[in-house]
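Heads up, the thing below is written out as structure tokens.
The values are calculated or read from the model by the stated rules, or taken from the named source; none is laboratory data. Nothing here was measured: the structure is a model prediction, and the numbers come from that model. For neighbour counting, all protein chains shown are included, and Cβ atoms are generated from backbone atoms with ideal geometry for every residue, glycine included.
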Amino acid sequence: MLEFIGVSKSFGAVTAVKNVSLRLEPGELMAILGPSGCGKTTLLRIAGGYDTPDSGTVRIGGRDLTRAAPEARQVGMVFQNYALFPHMTAAENVEFGLRMRRVPKPERARKAAEILSLAGLEGIGERKPAALSGGQQQRVALARALVIEPSLLLLDEPLANLDRNERLRMRGELRTLQRRLGIAAILVTHDQDDALALADRIAVMNAGVVEQVSTPGELQRNPASAFVAGFLGLAE
Amino acid sequence: MNRWPLLLVPSALLWLAGVLAPLGFVLRLSLSSSGNRAGEGRYDTLFYEPGTWSFASFVEIFTNPYYRGLFAFTAALAGVVTVLTLIFGYVLAYAIYRAPMPRKIVLILLIALPKFTNILVFVFGVKMIFGASGPGPVIAGEVLMLVPYAALTIAAALEAVPYPLIEAARGLGASAAMAFWRVTLPLSLPGVLAAAILTLLWSASAFLGPYLLGEPAQYTVAVEVDRQVHQDLDWALAAALNVVLLGVLSVAAYGLSVWRRRLA
């Protein structure tokens, strides 16, 4: 579904991502787990086309999209602070991607209503983001990313700004929704609990390098390095 | 105890003595009869008749086609200058918005730099580049004077637009131009309107630019006020011109700020 082949990216003297190769299967949810500054968000931004790698190749759905602009990718992204458009209502936010695709108004409204109800957001379509709770904003951001029927969903710390109860509830909803739509997704997080609870496979990153890619169970049984074991809080 | 209102006293006094009192005087003056204006240098020349009440100056302004033309020209000039200033100011503000950090500061300093130039030196520069006099140099001079203020006002509004919003728009299928049109521009509109108010007020009461760079055909209401005060010596008419200009500008500024508040 998504393939990174030898991807590297530097910002000035700082190497954010070093020769990363990863492969995401259709319908898979992969967590990229690591401490802040490990390069996980840069990797996500490269997948979305928000940053261009210095070297390496990015393939989405078999096509080389290494240098394609974000609007040419059909990829849905949920930003860390949701990046909802504050001057638009929740419904207008969700319809934005359809509008850009010149979907006629009645169909736009129908699809937006459908996805809003799927995300548990009936009746808040006319509200502006400022009038929504953190959890609701999160759901609007998710609905906005999903309504364009992307081939790939990118989630940047989607649960980081939620309180504990919202967080546990969203974890479940996120997983259910992703399974139900059968969409491949990458979730970037620094929280091992989120990664272990949500992901089919976890890629642990440290200092721009992927240290290990495994299922949650395998990761806990056989951490590949002292860093992985330490970050997961496992005794050696 | 917090005694912050005390800190308002100096500016309040200054404002009372420097703005409100003269304004009251101008208002009273505009409602006086014109003096005899028998001739310059005559010992009994009166600039206005103290103690009289008269609407004659206002009647003159609203009925004499010369003054209606003067106001129409002033409004047209202010309109053209405001639109051009907002366009140039926005482009400059956007450059500041997108510039990386140390260069952002350099840009802001460069924008402020022309303000250190003496106004006459500046005017002669404009004359050399845009022509000695006429509508071209008047418009160019006004726009050049006002762009820094507009750019800094709009830049402040743009800085409040988080860049991830633009990225989100791109990710949802918007081209760079579309993301600007649908997200950046609407979110920076309050700043644009603030700049519009500033520019409009300034350019509608423009005096130096039209006077130093224009021919009589480009003289504005402000220039006419100066002429009435210093040459025709009809202070009542000069004051009435001022009051009408003030009234029109207050209504325009109020309208723009209501629009702005509805956006914010």
*Check the stretch B:86-93 and report whether any residue there is part of a helix (DSSP H, G or I) and modelled with pLDDT under 90.*
no
*State whether the residues of the stretch B:230-237 include one that is charged (D, E, K, R), over 15 Å from the mean Cα position of the chain (by Cα) and farther than 24 Å from B:E159 by Cα.*
yes
*Quick one: count up the residues across the stretch A:45-68 that are more than 8 Å from every other protein chain (Cβ to nearest Cβ) and assigned to a loop (DSSP other than H, G, I, E, B).*
10
*Determine whether B:V147 is within 14 Å of chain A (Cβ to nearest Cβ) and either within 30 Å of A:A68 (Cβ to Cβ) or surrounded by 15 or more Cβ atoms within 10 Å (Cβ to Cβ) (or both).*
no
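Pick from B:L70, B:L13, B:L6, B:L46: which is under 20 Å from B:H230 (Cα atoms) and at pLDDT 90 or above?
Only one candidate passes the filter, namely B:L70.
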*Could you grab me the full set of residues in the stretch A:74-105 that are assigned to a loop (DSSP other than H, G, I, E, B) and more than 10 Å from chain B (Cβ to nearest Cβ)?*
A:T89, A:V103, A:P104
*Return the pairs, sorted by first residue and then second, in which the second residue is assigned to a helix (DSSP H, G or I) and of a type in the set (S, T, Y), the first residue lies in the stretch A:187-207 and is surrounded by 22 or more Cβ atoms within 10 Å (Cβ to Cβ), the beta carbons are less than 6 Å apart, and the residues are 6+ apart or on different chains.*
A:V188/A:T41
*Filter the stretch A:22-40 for residues that are buried (at least 22 other Cβ atoms within 10 Å of the Cβ) and not hydrophobic (A, V, I, L, M, F, W, C) and give the result.*
A:G34, A:G39, A:K40
*asked:* Going residue by residue through the stretch A:12-26, is there one that turns out to be outside the structural domain of A:L155 (by TED's automatic domain parsing), closer than 25 Å to B:A176 by Cβ and touching a strand residue (DSSP E or B) at 6+ places or on another chain (Cβ under 8 Å)?
replied: no
*Answer with yes or no whether A:K128 is surrounded by fewer than 17 Cβ atoms within 10 Å (Cβ to Cβ) and either within 14 Å of chain B (Cβ to nearest Cβ) or at pLDDT 95 or above (or both).*
yes
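Within the stretch B:163-220, track down each residue that is over 30 Å from A:P150 (Cβ atoms) and not in a helix (DSSP H, G or I).
B:S205, B:A206, B:F207, B:G214, B:E215, B:Y219, B:T220
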*Going by the conditions given, is A:A113 at pLDDT below 95, surrounded by 19 or more Cβ atoms within 10 Å (Cβ to Cβ), away from every other protein chain (no Cβ under 11 Å) and under 25 Å from A:T176 (Cβ atoms)?*
no
*Can you tell which of B:V19, B:V80, B:V26 is modelled with pLDDT of 95 or more and on the phi < 0 side of the Ramachandran plot?*
B:V80
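Could you list, in sequence order, all residues of the stretch B:109-125 that are buried (at least 16 other Cβ atoms within 10 Å of the Cβ) and either without any contact (Cβ under 8 Å) to a residue 12 or more places away in the chain or under 23 Å from B:A95 (Cβ atoms) (or both)?
B:I111, B:F122
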*Selected residue (only one of B:L198, B:L187, B:L212 is of a type in the set (A, V, I, L, M), within 14 Å of another protein chain (Cβ to nearest Cβ) and in contact with a Leu (Cβ under 9 Å, 6 or more places away or on another chain))*: B:L187
*May I ask you to verify whether A:V147 is under 25 Å from B:A168 (Cα atoms), at pLDDT 90 or above, touching an Asp or Glu at 6+ places or on another chain (Cβ under 9 Å) and not polar (S, T, N, Q)?*
yes
*Options A:R167, A:R108, A:R180; residue that is surrounded by fewer than 17 Cβ atoms within 10 Å (Cβ to Cβ) and either outside any helix (DSSP H, G or I) or among the basic types (K, R) (or both)*: A:R180
_Residues located in the stretch B:179-213, provided they are crowded, with 22+ Cβ neighbours inside 10 Å and closer than 24 Å to B:G134 by Cβ_ = B:T199, B:L200, B:S203, B:A204, B:A206, B:G209, B:P210, B:L213
*Exactly one of (1) free of Cβ contacts under 8 Å to residues at least 40 places away in the same chain; (2) in a strand (DSSP E or B); (3) not hydrophobic (A, V, I, L, M, F, W, C) is unmet by A:E71. Its number?*
(2)
